[in-house]
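The values are calculated or read from the model by the stated rules, or taken from the named source; none is laboratory data. Small disclaimer: the values here were computed from a predicted structure and weren't measured. Cβ coordinates were reconstructed from backbone atoms using ideal geometry, including for glycine residues, and neighbour counts include every protein chain displayed. With ligands, DNA and RNA removed, areas are computed over all heavy atoms of the protein, side chains included. Shrake-Rupley method; radii C 1.70, N 1.55, O 1.52, S 1.80 Å.
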Amino acid sequence: MPYANQPTIKILELTDENIKFIIEKTDLSMANSLRRVFIAEVCTLAIDWVQIQQNTSVLIDEFLSHRMGLIPLTSDEIVDQLQNFRDCSCVDYCRECSVELTLDVRCNEETPRHVTTRDLISSNLKCIPATSKVRDHEADGDGSPDDILICKLRKGQHLKMKMYARKGFAKEHNKWSPCSAVGFEYDPDNALRHTTYPVAKDWPKSDYSELEEDQDQAPYEVFGKPEKFWYNLESVGSLKPESIVLTGLQVLKKKLMDVQNHYNNEIAKEALYIG
């Protein structure tokens with residue numbers, strides 16, 4: 001049986017970090033489900049296990065471990081090749097389910113030494129800090145402005161640690177989320193009155209508004225229904241924006257197919273009981 005709706009997607013803008021697009025001819029529940037999938041159910045890699053071998057900085061071990069976990073790691077070329085940690089047969093960590101990273105920095109100068117993501121060394125070049133995609137080997141020891149600062153060391157201080165990154169999704173922990181934000185908008189002129197403006201003329205107009213300058217909001221559509229949705233997705237750098245969208249669509253499709261299969265199985269069971 002053909003679907004009742006045939007949704008369409010139109011890409012408005014695509015950069016290395018951001019994608020803006022429109023989805024039409026679908027309903028609000030489906031559009032919002034897709035937004036939630038982008039945020040919480042697209043797999044990436046993130047540091048999940050940290051062994052601190054030496055830390056004489058002013059920051060405690062737990063604080064540093066937390067910072068390491070939130071560093072976005074490039075996952076585009078490797079996330080589909082790794083097994084989920086729970087599905088792997090290894091006892092601890094192995095190459096089939098994880099990537100090893102190390103950090104070993106000592107300050108020997110009078111000036112403070114900035115420890116950044118540039119100092120992380122990965123066992124797999126497909127999984128490196130997102131800020132290290134384009135490395136300038138001629139840069140000074142403190143790295144480039146895009147590198148994420150982990151901590152600062154004074155003369156004589158030493159930081160050494162070993163880490164493992166593994167595959168996961170943000171429903172388990174937000175460090176695996178590929179998105180820094182997902183903007184989601186429908187009814188830019190408030191024709192459906194899902195938002196009550198305290199003073200309509202003081203409310204900022206949407207970028208997608210079709211109102212004239214002297215209009216504050218569109219006339220009320222009593223039986224109107226949202227069918228057009230504007231998205232603005234920003235990646236943290238672990239995945240390309242278009243990869244997040246395509247993977248999110250696949251995840252949502254699989255979930256809907258699972259629901260349909262379970263429903264069909266229940267109908268078949270009832271038919272057997274009646275027979």
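Restricting attention to segment 13-48 and to residues that are open to solvent by 80 Å² or more (accessible area, probe 1.4 Å) and in contact with a strand residue (DSSP E or B) (Cβ under 7 Å, 6 or more places away or on another chain), the residue that is farthest from residue 179 (Cα to Cα) turns out to be 25.
Each row is one residue, and each column tells you yes or no for (1) free of Cβ contacts under 8 Å to residues at least 12 places away in the same chain; (2) in contact with a Lys or Arg (Cβ under 7 Å, 6 or more places away or on another chain); (3) under 30 Å from residue 93 (Cβ atoms).
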{"site": "148", "(1), (2), (3)": "no, no, yes"}
{"site": "153", "(1), (2), (3)": "no, yes, yes"}
{"site": "156", "(1), (2), (3)": "no, no, no"}
{"site": "167", "(1), (2), (3)": "no, no, yes"}
{"site": "182", "(1), (2), (3)": "no, yes, no"}
{"site": "186", "(1), (2), (3)": "no, yes, no"}
{"site": "202", "(1), (2), (3)": "yes, no, no"}
{"site": "214", "(1), (2), (3)": "yes, no, no"}
{"site": "243", "(1), (2), (3)": "no, no, yes"}
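When only residues in segment 159-191 that are in contact with a Phe, Trp or Tyr (Cβ under 8 Å, 6 or more places away or on another chain) and hydrophobic (A, V, I, L, M, F, W, C) count, which is nearest to residue 115 (Cα to Cα)? Among them, the one singled out is 163.
Look through 78, 52, 71 and report the one residue that is open to solvent by less than 50 Å² (accessible area, probe 1.4 Å), over 26 Å from residue 235 (Cα atoms) and touching a strand residue (DSSP E or B) at 6+ places or on another chain (Cβ under 8 Å).
Step by step, each of 78, 52, 71 is checked, and only 52 is open to solvent by less than 50 Å² (accessible area, probe 1.4 Å), over 26 Å from residue 235 (Cα atoms) and touching a strand residue (DSSP E or B) at 6+ places or on another chain (Cβ under 8 Å).
If you take the residues in segment 196-232 that are part of a loop (DSSP other than H, G, I, E, B) and within 26 Å of residue 180 (Cβ to Cβ), which one is most open to solvent (accessible area, probe 1.4 Å)? For segment 196-232, the residue satisfying everything is 207.
When residue 25 is tested against (1) closer than 15 Å to residue 232 by Cα; (2) among the basic types (Lys, Arg); (3) touching a residue at least 24 places away in the same chain (Cβ under 8 Å), just one condition goes unmet, and that condition is (1).
Scanning segment 244-265 for residues being open to solvent by less than 100 Å² (accessible area, probe 1.4 Å) and either part of a strand (DSSP E or B) or over 21 Å from residue 32 (Cβ atoms) (or both) gives a total of 3. The set of residues in segment 222-254 that are under 18 Å from residue 80 (Cβ atoms) and among the basic types (Lys, Arg) comprises 240, 253, 254.
When you go through (1) within 30 Å of residue 193 (Cβ to Cβ); (2) modelled with pLDDT under 95; (3) in contact with a helix residue (DSSP H, G or I) (Cβ under 9 Å, 6 or more places away or on another chain) one by one for residue 233, which number turns out not to apply? Tallying (1) within 30 Å of residue 193 (Cβ to Cβ); (2) modelled with pLDDT under 95; (3) in contact with a helix residue (DSSP H, G or I) (Cβ under 9 Å, 6 or more places away or on another chain), residue 233 fails exactly one: (2). Take residue 235 and decide whether it is open to solvent by less than 70 Å² (accessible area, probe 1.4 Å), in contact (Cβ under 8 Å) with a residue 24 or more places away in the chain and of a type in the set (Ser, Thr, Tyr). Yes, satisfied.
In summary, strands (runs of 3 or more DSSP E) completely within segment 38-125 and bearing 1 or more residues that are touching a Ser or Thr at 6+ places or on another chain (Cβ under 7 Å) and in contact (Cβ under 8 Å) with a residue 12 or more places away in the chain occur at 44-55, 98-106.
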